[in-house]
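Report on one structure; see the data block that follows.
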Amino acid sequence: MIKPRALRPGATLGIAAPAFPIDAASLRAGTDALRAAGFRIRRRRDPTRGRGYLAGSDAARARELTALARDPSVDAILCVRGGYGCQRMLPGLDPALFRRAAKPLIGFSDVTTLLLWQRRLAGLVGFHGLMFNAPQGPAEAEVEAFADVLSGSVPAPFQGEGRRRGLARGRVTGGSLTLVAASLGTPWEIATKGAILLLEEVGEKPYALDRMLSQLAAAGKLDGIVGVGIGHLQGCTDRKRAEPDAETVLLELLAPLGVPLVFGLPFGHGSPNLTWPMGIRAELDGGRGTLRFLESGVQRG
C-alpha cells in the first residue's frame with residue numbers, strides 16, 4: 001500500500017462522473033462549496049450529460065478518469081455522483097497509471113468499486129467520502145473533514161454507538177454493502193483478513209442486507225475481520241415487514257463473530273458523510289462506540 005500525495009492550499013480537484021450523470025443544481029452547489037473552501041475545480045466534460053442512465057459511454061468515462069490521472073495540473077480526482085456504472089469501465093483503466101499518479105481518489109456509493117479496484121490492483125489508498133449528491137451541496141462539516149483529511153491531518157475520531165464491547169486494530173476497508181458483495185469473484189474482490197470492515201447502505205430492505213452479508217459470510221470474508229463499523233443505513237426499511245429492522249438483522253449476523261461492533265458511524269448516504277481513507281490503520285472501540293484513525297491517509301512532500 002502506498003499513500004497519495006497530500007493536497008496543498010489552492011489544490012485543483014478534477015471532477016469525474018464515472019457512474020450516473022449529476023443534476024446541474026447539485027453540481028453547482030458542490031463546486032461552489034469547494035471553491036469557497038479554497039479549492040480550484042477542473043473538469044474535462046459535462047458531467048450532467050447522460051447516455052441512458054450512465055454519464056457517457058464506458059470508454060468515455062474511462063478516458064475521463066485516465067486523463068485526470070495523467071494531467072499534472074490536477075491534484076486529486078473527485079467523483080461527483082454514484083448510482084451505477086463504475087464496474088463497467090474498469091477494463092479501460094490502467095492500475096499502474098493510477099499508482100504512478102498517486103492522486104487522492106474520492107467518492108462513495110458506486111465508487112466503492114473504484115476504491116476497492118484501486119486498493120487491490122494499484123495498492124493505493126483511496127478515500128470514501130464527499131460527493132455532490134445533494135442539491136443543497138455538502139454540509140460544512142463534510143467539507144471541513146474532506147479538506148483536513150486530504151491535506152494530511154489524521155482524520156478526527158468517528159463517534160457511533162457500541163453494540164459489542166472489545167478493542168480492535170486493523171486496516172479499514174469496505175463501503176457500500178451492495179458493492180462490497182458485488183466485488184466477490186472479481187479481480188478487485190475485497191480483502192478482509194485482519195481488517196476493520198466498514199459498511200453503509202441506502203434503500204435496501206433488511207432482508208436484502210441479510211442476503212448480501214450472508215453472501216460475504218459464505219465467501220469467507222467475515223472469518224478474518226477484527227471489527228465491524230456500520231455507517232448510515234439510509235432508507236433501509238420494508239413497508240411490508242416492519243420487523244426485523246435493518247440494525248436487528250445486521251446484529252443477528254455479526255454478533256456471533258465475537259468482534260467489536262459499532263453502529264451509527266458518520267459516513268455513507270446519510271448526513272454527515274465524513275471522509276475516511278481506505279487502507280489505513282484504525283482502532284475500533286466497541287465499548288466507547290468510537291472509530292479512531294491511527295495515521296494520515298496521504299503523504300506530504
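When you scan segment 1-91 for strands (runs of 3 or more DSSP E) that lie fully inside it, which ones turn up with 2 or more residues that are within 24 Å of residue 122 (Cβ to Cβ), in contact (Cβ under 8 Å) with a residue 40 or more places away in the chain and not hydroxyl-bearing (Ser, Thr, Tyr)?
Passing ranges, in order: 12-16, 76-79.
In segment 184-216, which residue that is touching a residue at least 60 places away in the same chain (Cβ under 8 Å) and among the acidic types (Asp, Glu) is farthest from residue 230 (Cα to Cα)?
Checked segment 184-216; the qualifying residue farthest from residue 230 (Cα to Cα) is 189.
So if I check each of 110, 71, 148, 94, which one is among the charged types (D, E, K, R), crowded, with 21+ Cβ neighbours inside 10 Å and either farther than 14 Å from residue 279 by Cα or modelled with pLDDT under 95 (or both)?
Exactly one of 110, 71, 148, 94 is among the charged types (D, E, K, R), crowded, with 21+ Cβ neighbours inside 10 Å and either farther than 14 Å from residue 279 by Cα or modelled with pLDDT under 95 (or both), namely 110.
Looking at 231, 203, 258 in this structure, which one is modelled with pLDDT of 95 or more and in contact with a strand residue (DSSP E or B) (Cβ under 6 Å, 6 or more places away or on another chain)?
Matching residue, one of 231, 203, 258: 231.
Identify the single condition in (1) over 19 Å from residue 200 (Cα atoms); (2) touching a Phe, Trp or Tyr at 6+ places or on another chain (Cβ under 8 Å) that residue 59 does not satisfy, given that it satisfies every other one.
Condition (2) is where residue 59 drops out.
Under the condition of being acidic (Asp, Glu) and part of a loop (DSSP other than H, G, I, E, B), which residue from segment 177-206 is surrounded by the most Cβ atoms within 10 Å (Cβ to Cβ)?
The selected residue is 204.
For (1) buried (at least 22 other Cβ atoms within 10 Å of the Cβ); (2) over 26 Å from residue 83 (Cα atoms); (3) modelled with pLDDT of 95 or more, each residue gets a yes or a no:
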| residue | (1), (2), (3) |
| --- | --- |
| 211 | no, no, yes |
| 239 | no, no, no |
| 253 | no, yes, yes |
| 264 | no, no, yes |
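Could you tell me whether residue 123 is surrounded by fewer than 18 Cβ atoms within 10 Å (Cβ to Cβ), touching a Cys at 6+ places or on another chain (Cβ under 8 Å) and under 29 Å from residue 77 (Cβ atoms)?
Judged against the criteria, residue 123 is not a match.
Name every residue in segment 141-173 that is touching a Pro at 6+ places or on another chain (Cβ under 9 Å) and over 17 Å from residue 289 (Cβ atoms), in order of residue number.
First, the residues of segment 141-173 that are touching a Pro at 6+ places or on another chain (Cβ under 9 Å): 141-142, 145-146, 148-151, 155, 158-160, 162-168, 172.
Hits for segment 141-173 are 141, 142, 145, 146, 148, 149, 150, 151.
(1) crowded, with 21+ Cβ neighbours inside 10 Å; (2) farther than 14 Å from residue 79 by Cβ: which one isn't true of residue 14, the others all being true?
All conditions are met except number (2).
Return yes or no: is residue 100 surrounded by fewer than 24 Cβ atoms within 10 Å (Cβ to Cβ), among the charged types (D, E, K, R) and in contact (Cβ under 8 Å) with a residue 12 or more places away in the chain?
In short, no.
The values are calculated or read from the model by the stated rules, or taken from the named source; none is laboratory data. This one's a predicted model, so the numbers in the text were calculated from it and none came from an experiment. Backbone-built Cβ (ideal geometry, glycine too); neighbour counts: all protein chains shown.
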